[in-house]
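Heads up: the structure comes next, in structure tokens.
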Amino acid sequence: MLNRIKDLTTNISSRLVEIRRHIHAHPELSGEEYQTAAFVAGVLSANGLHVEEGIGKTGVIGELQGTQSSDTILAIRTDMDALPIQERTSLEYASRIEGVMHACGHDIHTTVGLGTAMVLSQIAPELGGKVRFLFQPAEEIAQGANWMVKDGVMNNVAAILGLHVFPSIPAGSVGIRYGALTAAADNLEIIIIGESGHGARPHEAIDAIWIAAQVITSLQQAISRTQNPLRPVVLSIGQINGGRAPNVIADKVQLLGTVRSLHPETRDKLPQWIENIVANVCNSYNAKYQVNYHRGVPSVQNDNALTQLLQSSAEEAWTNNCVQILPEPSLGAEDFSVYLEHAPGSMFRLGVGYEERIINHPLHHPQFEVDESAIITGVVTLAYAAYKYWLNSGL
């Protein structure tokens, strides 16, 4: 069956490149993937899948029924949205939309998802059970997975697989990670409330800007001395708003930031830990404060059995030398984790780097490019993993 999957993928390889280049040239921002969704639905329908549009606002699902009549489903998720970045490549199929670019590889993800559906549709009579393809919007704003789940895409799903491109891994290889793959990402707002006064007489006021600086410094220092270094926490303040005039002591400052962590136990303690530090600083200088901690997406925690399935599928398809076991997780975030609150799953890294290049630009870079040969690697790996999943009776 592996050879047949490879042959089927090779036969559609030129079509997959066409699909990818079309999607790349016509990127759409999060929640605005109308044309992409319509294109995806058309490809799925043409290959005999049952298609539903408008799922999770602008998402699409396609279902392929195998030989088993069970309602149990294996899901495969790929995302479709682009970023508000002006493309600076010299590609003939560069973005035609001003200020919007597929700089995170979601055009590759969507293409791999479609290619996997196209291949599996050709072997449906030999596919044990049902496969549901989730084409998700709005991953870049970490909302799409929640929208999809609310619309029932995880109903009867027993397991879910996904992928994300990785430019530091060469095309033709994949990265496998057991356990934590990405971090939980939460949003933080801190408001410091002081009292305004004349800039020449700061002792008569409560300087919210100065106190805010003390809060930022205290938080960063406290991480290194109060948090377990083996359970990393990253807290970054990315935006500061405050002040009315150069000669007026600011009475209010707003700090906005992101908080990343890998371990659920650590994450649960962070809101109170942050508030205690802010309170101690503000109380020392008679300021008031507000801490608003908004939980975002959790950490992607790969299921061991499904990760082993992906590893064995990739090794059988591409040899052991093409499979990298990733030693470290990323502190980036992925809302694939939302699906894992409803079923076990695993996500792998698809290498898209050019081996001959000294520099492969990172994700979210305006000159980000991919080696399109990676599409075949992704399709074969996912299609064979889906086949093996049902061959092993859903693990």
Can you give the extra length, in nm with one decimal, that the chain gains between GLN221 and HIS342 once fully stretched, where that is 0.36 nm per residue apart less the Cα-Cα distance? 39.9 nm
Determine the gain in length on full extension of the stretch ASN280-LEU2; use 0.36 nm per residue of separation and subtract their C-alpha separation, reporting nm with one decimal. 93.9 nm
With the contact rule set at Cα under 8 Å and sequence spacing of 6 or more, what percent relative contact order holds for segment 269-395? 26
For the chain, what log10 I(q)/I(0) values come out of the Debye formula at q = 0.06, 0.08, 0.09, 0.15 1/Å, with one point per alpha carbon and no solvent? -0.28, -0.48, -0.58, -1.28
Write down the accessible area per residue of segment 184-297 in Å², having rolled a 1.4 Å probe over the full set of protein chains. 55
Computed on Cα atoms, Rg of segment 184-297 relative to 2.2 N^0.38 Å comes out at 1.12
Take the alpha carbon atoms of segment 218-292, find their center, do the same for segment 68-94, and report the distance between the two centers in whole angstrom. 35
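What does the extension gain come out to for ILE237 and GLU98, with contour length at 0.36 nm per residue minus their alpha carbon separation? Could you put the intermediate results ahead of the total?
Working: separation 139, 0.36 × 139 = 50.04 nm, distance 2.92 nm.
Gain in length upon complete extension: 47.1 nm.
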Rolling a 1.4 Å sphere over the protein heavy atoms, what is the accessible area per residue of segment 1-77, to the nearest Å²? 45
With 15 Å as the cut-off, how large is the P(r) tail for segment 127-177, expressed as percent of Cα-Cα pairs? 61
Using label points projected 7 Å from each Cα along Cα→Cβ, tell me how many nm separate GLU355 and GLN86, to one decimal. 3.7
Carbon and sulfur atoms: what percent of the 1.4 Å accessible area of the chain do they account for? 47
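The values are calculated or read from the model by the stated rules, or taken from the named source; none is laboratory data. Please read these numbers as outputs of a predicted model, since none were measured by experiment. A quick note on method: Cβ atoms are made from the backbone with ideal geometry, for glycine too, and the neighbour counts reach across all protein chains shown. When the accessible area is computed, the model is the full protein with side chains, heavy atoms only, and any ligands, DNA or RNA have been set aside. Shrake-Rupley method; radii C 1.70, N 1.55, O 1.52, S 1.80 Å.
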